[in-house]
Amino acid sequence: PDDAQPIIHSDQGWHYQLKYYTKKLKDHHFIQSMSRKGNCHDNAPIESFFHLYKAELLQGLPPCNNITELRKLSLTYIDQFNNERISLKTKGMTPVEYRNHALAV
């Protein structure tokens, strides 16, 4: 959509040094998100999420027929991820429960 503001996130790969690449992103109104040199901590959570997203949702599925279908699958997965999926990293709580627990302390 014309009012969309997509974010593209990556490490400091070689493509970020290419002027035509960054110009193309700017021309299409992409917001560029990039880890700072030597700091993987801001990149790790999103990489972890997308690894799980691809492994748990997309692997083994036939390709989506259109963006609407992908959006619906994605929103369902994100809701399930945040509100139903427990993790040992979050002491057996869902991400929402863990965040609420941390904020209550």
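Side notes on the structure shown:
- On the basis of the beta-carbon distance and an R0 of 25 Å, residue 89 and residue 33 show a calculated FRET efficiency of 0.65.
- Extension gain for residue 20-residue 4 works out to 3.6 nm (0.36 nm per residue, less the C-alpha to C-alpha distance).
Coordinate-derived values only; no laboratory data. Computed from a prediction, not measured in an experiment: that's the story for all the values here. When we count neighbours, we look across all protein chains shown, and the Cβ atoms used for this are built from the backbone with ideal geometry, even at glycine.
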